[in-house]
Amino acid sequence: MTEPSVGSDSAGMETRIRFDEEAGQWVISGVKRYISNASKADVYIVWGVTNPNVPPQKGLTAVLIPAHAKGLTFPRLYDFAGRRGSIVGEVAMDEVRVPEENLLGDVNGGFNIMLSAFNFERVILGGSSLGVARAAFEIACQHAQSRVSFGQKLGQKQLIWDMIAQMSWKIDAAELLTHRAAKMYDSGIGGKDLMREASQAKLVATETAVFCADRTVQILGGDGVTRQYGKAEQLYRDARTLPIVGGTSEMCKYLIAAREMPSIRLNL
Ligand SMILES: Cc1cc2nc3c(=O)[nH]c(=O)nc-3n(C[C@H](O)[C@H](O)[C@H](O)COP(=O)(O)OP(=O)(O)OC[C@H]3O[C@@H](n4cnc5c(N)ncnc54)[C@H](O)[C@@H]3O)c2cc1C
């Protein structure tokens, strides 16, 4: 979905998809950026404009492009602060041709597929953020119970146990919201009916991961920012991406508020 000119505003994408009647093929041109598994995936789901004369919600289509397609290139891979095990890069399409059956869903029905994909991704990101938050929390609890400062364990100090308590309830809140969204997804609820719950889970879990990673570094002091000590600094870097991928925290807040106040149109 994401392109050089549009990220959150994905409906404003510039990639074009047209159907060549004579050849019976979809022809795709455009550039996508920040694409996970670029150059490694066997197949790419690509969204593009098929009807520029209607609102984007009614004029986007999704097609499948196999990795070997002529005209598909991967101009660059990005170097990120965190999540360094994941490969993310640019995907360029220069008049890429795929057969008619590579259409995903309906012509001009791509926007709804996008909504479903985001819902799924947000539930998954709830889970992966919980993993980051818990990993950090364990390190913080262990350190607070063992490190001695001013003659007492760190965890005995109110400023420290306040951080432990905050991490604890935030993690549980994130877990409960993620479970609710995942259960709804598993029971077949999707599209607009899952948007609020999936966004809440993603928002709370990703922000909790950032909070826990940050507070853990603080509790560890110098050890928290040292690569030699252990995982705290890695978790801190890994966590920061989470409120950005799969719809930023700001976009999640918009989707939640829009569902809560259906009678007005919120400014974006
Ligand atoms: C590691 C990684 C993997 C990714 N993988 C994929 C992938 O596989 N496929 C894919 O399509 N994309 C992928 N992305 C892209 C990701 O979805 C986008 O980065 C994200 O949607 C934000 O878009 P942007 O970076 O263009 O930021 P922008 O949309 O330019 O936003 C910049 C900032 O402005 C805020 N903002 C924007 N509009 C508003 C508004 N109206 N009101 C208030 N605030 C606003 C945003 O919340 C954000 O904080 C990936 C990104 C990363 C970092």
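The values are calculated or read from the model by the stated rules, or taken from the named source; none is laboratory data. Computed from a predicted model, the values in this text were never measured in an experiment. Don't worry about glycine lacking a Cβ; one is built from the backbone with ideal geometry, like all the others, and counts go over all protein chains shown. Please note that ligands, DNA and RNA were not included when accessible areas were found on the heavy atoms of the full protein model with its side chains. Shrake-Rupley method; radii C 1.70, N 1.55, O 1.52, S 1.80 Å.
Going residue by residue through region 76-93, is there one that turns out to be within 23 Å of Ser29 (Cα to Cα) and either more than 16 Å from the ligand (Cβ to nearest atom) or more than 22 Å from the chain's Cα centre (by Cα) (or both)? Yes; the residues of region 76-93 include at least one that is within 23 Å of Ser29 (Cα to Cα) and either more than 16 Å from the ligand (Cβ to nearest atom) or more than 22 Å from the chain's Cα centre (by Cα) (or both).
Examine region 186-207 for a residue that is of a type in the set (D, E, K, R) and more than 22 Å from the chain's Cα centre (by Cα), and state whether such a residue exists. Steps first, please.
Here is the first cut: in region 186-207, the residues of a type in the set (D, E, K, R) are 186, 192-193, 196-197, 202, 207.
Cutting the leftovers down to more than 22 Å from the chain's Cα centre (by Cα) gives us none.
No, because not a single residue in region 186-207 is of a type in the set (D, E, K, R) and more than 22 Å from the chain's Cα centre (by Cα).
Free of Cβ contacts under 8 Å to residues at least 40 places away in the same chain and open to solvent by 60 Å² or more (accessible area, probe 1.4 Å), is that true of Lys70? The answer is yes for Lys70.
For (1) within 25 Å of Ile35 (Cα to Cα); (2) free of Cβ contacts under 8 Å to residues at least 60 places away in the same chain, each residue gets a yes or a no:
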{"position": "Leu235", "(1), (2)": "yes, no"}
{"position": "Arg240", "(1), (2)": "yes, no"}
{"position": "Ile256", "(1), (2)": "no, no"}
{"position": "Leu266", "(1), (2)": "no, yes"}
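Taking into account only those residues within region 12-29 that are within 16 Å of the ligand (Cβ to nearest atom) and open to solvent by 20 Å² or more (accessible area, probe 1.4 Å), which is modelled with the lowest pLDDT?
From region 12-29, those within 16 Å of the ligand (Cβ to nearest atom) are 12-15, 17, 28; that's our starting set.
Checking the rest, the ones that are also open to solvent by 20 Å² or more (accessible area, probe 1.4 Å) come to 12, 14.
Working: Gly12: 90, Glu14: 96.
Within region 12-29, the match that is modelled with the lowest pLDDT is Gly12.
When Ile65, Ile45 are screened for being in contact (Cβ under 8 Å) with a residue 12 or more places away in the chain and open to solvent by 30 Å² or more (accessible area, probe 1.4 Å), only Ile45 passes.
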